[in-house]
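Worksheet: the structure to be examined is printed underneath.
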Amino acid sequence: QSSHKSTMFCYAAIHQGPMNRENVGKGMDKRDKRNTTVKENISMTIDKSEPFIKGRKKKSYGPCEIEFLPSVDNLVEPADYNNFTQFLLKYILTEGHLIGNGIFEPLFAGHQSLQEREETYYAKNQSLHCGFVEGPEGYPSSGFDLDEHDRAYMATCRVVVSSCIFGGSDYLRRPTKSRIGSYSKKNVCFIMFLDELTLTTLSSEGHIPDENGSIGLWRIVVVKNLPYKDMRRAGKVPKLLAHRLFPSALYSIWLDSKLRLHADPMLIIEYFLWRKKAEYAISVHYDRTCVWEEVLQNKRLNKYNHTAIDEQFYFYQSDGLVKFNASGHDPVLPSYVPEGSFIVRAHTPMSNLFSCLWFNEVNRFTSRDQLSFAYTYLKLRRMNAGRNFQLNMFKDCERRAVAKLFHHRANGTTDPPPKNLRTDKNHSSMPS
């Protein structure tokens, strides 16, 4: 865990009440009893508790110095690095017809009930929903279709740097070649996921893949049949599910399309993971530490449908997410709002489970993943006492040192999540 300390005292936490498999149903009942109170309080919480101060002085943000190793020569994974929580994860690949429903529609994330969702938070041997769920034989694909040659290549990757542009929403930003060593150029997979619209747009601007399907260091992988109309939500598939897309990978680095990689991937892995003995690394937000503040900002800037944001926030509060003053206590994390554009991961069981859980929250509620990060982490932590998830939340200035920030080309379209994927307790699935 980073030693970075927040200067603000507002952040979220989850009550530490008992929660096991036997009282999942009881917990849901208690949650329902709190719903009325939470609903009565939520408008006051969102609209009045943290008013924005107009005219406040704009802060400036910049990179800070990082003490990388001088080179990747003789770089070896530390012998004691892999001492992480161990269990076996399998993934639900197909689903049959839903009980009591004559109409079946294959969904990329599957039809996960709340009871199933609750069970997946236990770090144990299990099969869970984690995207790429298909319907019965004869049904159309649920989405994110890849060419078999690309799949075969991706299955060989051991270390991955990936990004995506969907809906023609951004420019192509190539890694700074002078900062990438010869070892990484030869052994690291650099994958840029594009949809067909973006490929056409980039080609018209002179960015045409060569005979190997690459543009600079990026190998272009075209995704057909995106599983969501919301391009932001579609982008969460490669962002959060690298362990599903790259089944042989040991490590992956994600950067949003607004970033240009400005450091060697192997030095990044050594600094953010090996040196910190972490299995997942993500930076704190540059300005906000509190989920309440993030909700306000998303609504203030109309980042997503306000009703959908309220529904998600209300549900999280009903499951114990509360706001409190951390003064005088050691915070679980230095911030509960990440700047999620840059993620460094070891593909360990706990890291993979967290990624699945976070993706399922983004699928069930809004595509604004900063709203669900703290809830997902804290719930996973609470339900697995003694089974640690080694998360390194590092300084934002360190993120700015390894990746140069640009503005997006344009905003993508958004759509609310399907109603039956949110909080319908009667919704169940029957995996085949």
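For the reader, a short list of remarks on this structure follows.
- For region 242-264, a tally of residues being within 18 Å of the chain's Cα centre (by Cα) and either of a type in the set (Asp, Glu) or surrounded by fewer than 21 Cβ atoms within 10 Å (Cβ to Cβ) (or both) returns 6.
- Set side by side, the residues Gln312, Gln390, Gln317 differ, and just one is open to solvent by 10 Å² or more (accessible area, probe 1.4 Å) and modelled with pLDDT of 95 or more, which is Gln390.
- A single entry from Ser203, Ser169 fulfils the requirement of being small (Gly, Ala, Ser) and out of contact with any His (no Cβ under 8 Å at 6 or more places or on another chain): Ser203.
- Exactly one residue out of Leu202, Leu194 is more than 22 Å from the chain's Cα centre (by Cα) and not β-branched (Val, Ile, Thr), and it is Leu202.
- Residue check, Gly328 open to solvent by less than 40 Å² (accessible area, probe 1.4 Å), at pLDDT below 95 and small (Gly, Ala, Ser): no
- Filter pass, Ser162 being of a type in the set (S, T, N, Q) and over 23 Å from Phe354 (Cβ atoms): no
- The single condition among (1) in a strand (DSSP E or B); (2) of a type in the set (Val, Ile, Thr); (3) without any contact (Cβ under 8 Å) to a residue 60 or more places away in the chain that Ile253 does not satisfy is (3).
- All positions within region 187-221 that are in a loop (DSSP other than H, G, I, E, B), farther than 24 Å from Arg158 by Cα and touching a strand residue (DSSP E or B) at 6+ places or on another chain (Cβ under 9 Å): His207, Ile208
- Pairing each residue of region 203-223 that is over 16 Å from Arg173 (Cβ atoms) with any residue that is at pLDDT 95 or above and of a type in the set (Phe, Trp, Tyr), provided the two are 6+ apart or on different chains, yields C-beta distances under 6 Å for Val221/Phe193; Val223/Phe144; Val223/Phe193.
The values are calculated or read from the model by the stated rules, or taken from the named source; none is laboratory data. From a predicted model like this one, the values you see are computed outputs, not experimental measurements. Positions of Cβ are backbone-derived with ideal geometry, glycine not excepted, and every protein chain shown enters the neighbour counts. For the accessible areas, the whole protein counts, side chains as well, though only heavy atoms, and no ligand, DNA or RNA atoms are used. Shrake-Rupley method; radii C 1.70, N 1.55, O 1.52, S 1.80 Å.
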